[in-house]
């Protein structure tokens, strides 16, 4: 596989307007061939989606999903530019797919890594810095190892970085961009809430053995 340099990624980004990670993936999939990488981005709808990302998306819809057994429910808001698109089949299917994804990912708490509060990242860093396997390592090496672990951990908390449940070869972010490319509008996942039946309720467990012993002693 050809080496994908930072300059090659930047050049592709300048030509297409696609994100750096998308450009890097396109080049990897195309063995470093820029022309083929551009075609890959166009086929995925990513290039056109990125060009529209700066436009205001104030319309959209709030969708819901209740998982089988009615123990997990999701509400999600996804925005687009027009009410016409929001009512279309492609957009409604997107809402359902994203809602199902959220229901399937109980550890996901934020839409994107950018939304994760700094105090959460700092707490994760403190935990990683104190791990036994880093004891005795030089500070510079320790920082580099922790940085990699933190990056991975924060992605685990972000919805858009999850492998899409219907096609694990792409992330949720890539799936959303594909739909945006087909729709022709800026599409953004704004927020979500997951409900788990009984979550937060403390259930008192009866100690039957103790009750029997108490009755016999009485």
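The values are calculated or read from the model by the stated rules, or taken from the named source; none is laboratory data. Since the model is a prediction, treat every value here as computed from it, not as a measurement. Neighbour counts are summed over all protein chains in view; Cβ atoms, including those assigned to glycine, are modelled from backbone coordinates with ideal geometry.
Quick notes
- Residue 130 being surrounded by fewer than 18 Cβ atoms within 10 Å (Cβ to Cβ) and modelled with pLDDT under 95: yes
- So residue 18, is it at pLDDT below 85, in contact with a strand residue (DSSP E or B) (Cβ under 6 Å, 6 or more places away or on another chain) and surrounded by 13 or more Cβ atoms within 10 Å (Cβ to Cβ): no
- Scanning the stretch 30-47 for residues that are within 13 Å of residue 177 (Cβ to Cβ) and either assigned by TED's automatic domain parsing to the domain that holds residue 173 or modelled with pLDDT of 80 or more (or both) yields one hit, 40.
- Residues of the stretch 54-68 satisfying the condition of being more than 17 Å from residue 179 (Cβ to Cβ) and at pLDDT below 90: 54, 56, 58, 68
- Total residues in the stretch 62-91, condition surrounded by fewer than 18 Cβ atoms within 10 Å (Cβ to Cβ) and within 19 Å of residue 112 (Cα to Cα): 3
- Of the residues making up the stretch 190-201, those that are surrounded by fewer than 21 Cβ atoms within 10 Å (Cβ to Cβ) and either assigned to a strand (DSSP E or B) or in contact with a helix residue (DSSP H, G or I) (Cβ under 9 Å, 6 or more places away or on another chain) (or both) number 6.
Quick grid of which residues meet (1) more than 14 Å from the chain's Cα centre (by Cα); (2) surrounded by 12 or more Cβ atoms within 10 Å (Cβ to Cβ):
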{"residue": "96", "(1), (2)": "yes, yes"}
{"residue": "100", "(1), (2)": "no, yes"}
{"residue": "107", "(1), (2)": "no, no"}
{"residue": "137", "(1), (2)": "yes, yes"}
{"residue": "163", "(1), (2)": "no, yes"}
{"residue": "179", "(1), (2)": "yes, yes"}
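- Residue 184 meets each of the listed conditions (1) within 21 Å of the chain's Cα centre (by Cα); (2) farther than 30 Å from residue 71 by Cβ apart from (1).
- Of all the listed residues (212, 172), the sole one being farther than 22 Å from residue 88 by Cα and either at pLDDT below 85 or buried (at least 18 other Cβ atoms within 10 Å of the Cβ) (or both) is 212.
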